[in-house]
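These notes are about the structure you will find just below.
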Number of protein chains: 2
Amino acid sequence: MGGGGDQGGRESRVRVDLTAVVIAMRDGEPHVLTVANDGASGVALPFGPLQAGHPTLQTGLRRWVEDLTHRKLGYVEQLYTFADHAPFQPNADHGADHQTISIAYLALAASPEDSATLQGRWRRWYGFFPWEDRRGGGPAARAHLLERLFAWAEAQRDAGDADCVERVRLAFGADGAAWDEERALERYEMLYEADLAPEAALDLGLEPSAAANGMPGLPMFADHRRILATAISRLRAKIKYRPVLFELMPAAFTLTNLQRTAEALSGVPLHKQNFRRLVAQQGLVEDTGAMATGTGGRPAKLVRFRREVTVERPAPGVRLRATRRGSYP
Amino acid sequence: MGGGGDQGGRESRVRVDLTAVVIAMRDGEPHVLTVANDGASGVALPFGPLQAGHPTLQTGLRRWVEDLTHRKLGYVEQLYTFADHAPFQPNADHGADHQTISIAYLALAASPEDSATLQGRWRRWYGFFPWEDRRGGGPAARAHLLERLFAWAEAQRDAGDADCVERVRLAFGADGAAWDEERALERYEMLYEADLAPEAALDLGLEPSAAANGMPGLPMFADHRRILATAISRLRAKIKYRPVLFELMPAAFTLTNLQRTAEALSGVPLHKQNFRRLVAQQGLVEDTGAMATGTGGRPAKLVRFRREVTVERPAPGVRLRATRRGSYP
DNA sequence: CGCCTTATAGTCAATCTGAGCATAAGGCGA
DNA sequence: TCGCCTTATGCTCAGATTGACTATAAGGCG
């Protein structure tokens with residue numbers, strides 16, 4: 001893999017797939033577009049072989065996904081290129097025959113109504129990563145997960161990996177460590193290594209271990225759950241310094257809508273007043289003049305995103321500040 | 001390009017290249033490893049066809065580059081996957097025959113002594129991007145570049161792209177706009193679009209335009225200068241939130257050494273006292289006990305990187321704060 | 001021995017941030 | 001109709017962070 005230009009190695013042409021993580025909000029929850037797959041693990045991200053004929057990968061992917069979803073994509077970004085469907089599987093024995101490269105993209109779409117023409121199905125992303133939702137509730141399941149994970153980490157420590165317990169503690173914000181919502185990928189990789197993700201066993205051609213069977217979170221085809229975790233990490237980081245959040249919002253929305261979206265993506269409750277101050281200070285939105293009624297209290301202003309900021313400001317994101325107390329008042 | 005799993009399109013196997021951007025410090029300046037290339041544009045990044053046999057792309061690349069440079073790499077990160085050697089060339093006519101995917105990696109190496117066994121040559125990175133060095137001097141050449149660029153932008157504006165002049169102003173920090181060192185890629189892409197990079201003409205099979213001929217900065221083979229710009233942007237961003245800077249330092253160094261390295265990479269002068277405060281506060285280094293003599297003044301403490309922070313802190317980077325005045329005292 | 005150079009410590013004001021209280025304005029039930 | 005519940009929005013305040021400066025330390029060198 002990789003060599004000087006002319007050292008005579010077999011220059012194998014490989015199969016290249018595109019994989020798309022398409023995110024949209026429905027009912028205030030982030031959803032991801034999935035397709036049915038023939039294999040045992042039914043749920044998959046949309047993927048397909050790379051085909052020639054587009055000037056760039058990005059425009060090609062955009063066209064393809066827009067055909068699939070029948071709606072315009074607001075934002076497209078390359079995520080990562082994976083060399084195989086189980087990139088960090090230690091004892092892989094795949095020969096040069098079936099080597100596959102898969103180039104993963106993140107795409108954001110406006111909220112979809114259910115259209116009959118859609119090929120695929122939107123699924124709540126926390127269905128795949130329940131432990132990533134820290135907005136409230138469910139600490140019991142989390143405790144169970146941590147227990148399993150620490151048991152594995154202690155075994156690793158005894159086997160020579162001194163830092164393993166500490167790494168788990170920090171990644172999962174246990175025992176007083178701060179929770180960093182951006183480390184979603186790292187957390188998934190830890191669970192995978194600990195054999196607590198059913199895919200880990202499936203990749204080896206085994207039945208899922210007893211441990212993995214009881215674990216929360218839907219598995220996905222091949223390494224698609226890892227790709228989704230990559231997307232979540234990237235998106236959670238990105239909304240803090242780029243105005244991508246607005247690609248998921250309707251044309252007009254209230255500041256609370258915006259905050260709920262930010263919270264749903266990052267999985268963390270935010271401080272209301274400070275969130276508003278930040279959005280206002282950065283000049284990210286402007287009044288539409290209309291008001292939203294039926295919110296159950298005082299009507300809220302409907303605002304719209306100021307597209308101009310994309311030009312005028314270098315880094316106008318929605319900086320997220322989690323409340324210290326970590327729950328709604 | 002991209003399609004559903006089984007929609008019967010030609011599933012063309014494509015050629016996949018790895019390209020490496022290997023960075024090291026020499027004489028206080030960042031250098032990049034280059035190789036001679038047969039083509040007209042002599043200077044290229046090391047690249048070669050992907051070869052099977054490694055568990056992950058990353059370890060394969062690491063092995064390959066370590067063979068090339070005869071030294072351990074401190075850090076390896078995937079940069080981007082390019083679909084063709086001129087990804088944003090509008091009127092490309094490449095058929096499906098010679099489609100090439102190129103996966104680019106960023107690698108950091110400790111300072112190299114010149115070894116006879118090295119295949120390749122280290123070159124100062126600002127030789128390729130003189131306008132990216134804002135540590136002092138040379139505003140004359142920069143003014144010349146800006147003049148050319150604004151001339152192009154005004155033509156674009158008259159042709160219908162209303163924001164073009166403003167985008168140039170913001171990207172290049174002209175007319176009072178703040179300079180953002182992380183936008184190196186964006187700046188290169190603008191120069192390319194403006195036909196002020198010789199590669200832009202070469203890609204179209206033409207002689208470099210008169211405009212491009214007079215422009216500063218060495219051109220590179222194919223899209224390698226764009227890949228290098230991607231690496232520079234990524235590295236300049238990364239040193240602010242991850243301790244990658246230390247991968248480029250020797251085992252023991254002074255705080256001034258560290259600051260000079262940070263300045264050389266980011267291309268911006270930093271405020272000395274605040275830089276020290278930041279490094280100290282974050283606990284990134286510890287005393288070795290030894291002192292550095294021969295610095296021309298009071299001897300400085302020699303410190304070393306605290307490897308532990310990689311485990312203990314989630315985001316321990318060297319936050320760079322440019323001085324407002326923008327030059328050394 | 002005084003002066004030049006660089007290293008390092010400490011101070012201070014402006015700003016930012018996290019968190020609180022207070023008030024506004026709709027709906028709804030008694 | 002009036003008070004109460006709910007959400008929206010405005011304002012304050014203390015502590016932390018940041019940008020910039022001053023002062024002192026400790027080598028080398030004429």
Item to check | Pairs from A:Lys240/B:Lys301; A:Lys72/B:Lys238; A:Lys72/A:Lys238; A:Lys72/A:Lys272; A:Lys240/B:Lys72; A:Lys240/B:Lys272 whose Cα-Cα separation, in the structure shown, is over 26 Å | outcome: A:Lys240/B:Lys301; A:Lys72/B:Lys238; A:Lys72/A:Lys272; A:Lys240/B:Lys72; A:Lys240/B:Lys272
Item to check | Teacher prompt: A:Ala159 distances to equivalent labels in other copies, 7 Å Cα→Cβ, nm | outcome: 6.1
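Report the net charge of residues surrounding B:Glu132, where surrounding means a beta-carbon distance below 13 angstrom and charges are Lys +1, Arg +1, Asp -1, Glu -1. Walk me through the numbers before you get to the answer.
Working: positive: B:Arg124, B:Arg134, B:Arg135, B:Arg142, B:Arg183, B:Arg187, B:Arg225, B:Arg236; negative: B:Glu29, B:Asp133, B:Asp180, B:Glu181, B:Glu182, B:Glu186, B:Glu263.
That sum, taken over residues with Cβ under 13 Å, equals +1.
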Next on the checklist: Please state the shape class of the range B:249-310: rounded when a/c is under 1.5, otherwise prolate if a/b exceeds b/c and oblate if not, all from the C-alpha gyration tensor.
Outcome noted: oblate
Checklist entry - How large is ³J(HN,Hα), in whole Hz, for each residue of the range B:20-26 in order, when computed from phi with the Karplus curve 6.51 cos²θ - 1.76 cosθ + 1.60 and θ = phi - 60°, using x for Gly and Pro? => result 10, 9, 9, 10, 8, 8, 9
Checklist outcome for this item: Taking the dipole of the range A:235-306 about the Cα centre (Lys, Arg +1; Asp, Glu -1; charges at Cβ), the one of A:Thr293, A:Ala252, A:Asn274 that reaches farthest to the positive side is A:Asn274
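Based on the mean of other Cβ atoms within 10 Å per residue, sort peptides A:272-284, B:141-153 so the most packed one is first.
Working: A:272-284: 14.6, B:141-153: 16.7.
The most tightly packed comes first, giving B:141-153, A:272-284.
All of the numbers you see were taken from the coordinates with simple rules; none came from a lab. As the structure is a computational prediction, the values presented were derived from the model and not from experiment. Ideal geometry is used to build each Cβ from the backbone, glycine not excepted, and the neighbour counts take in all protein chains shown.
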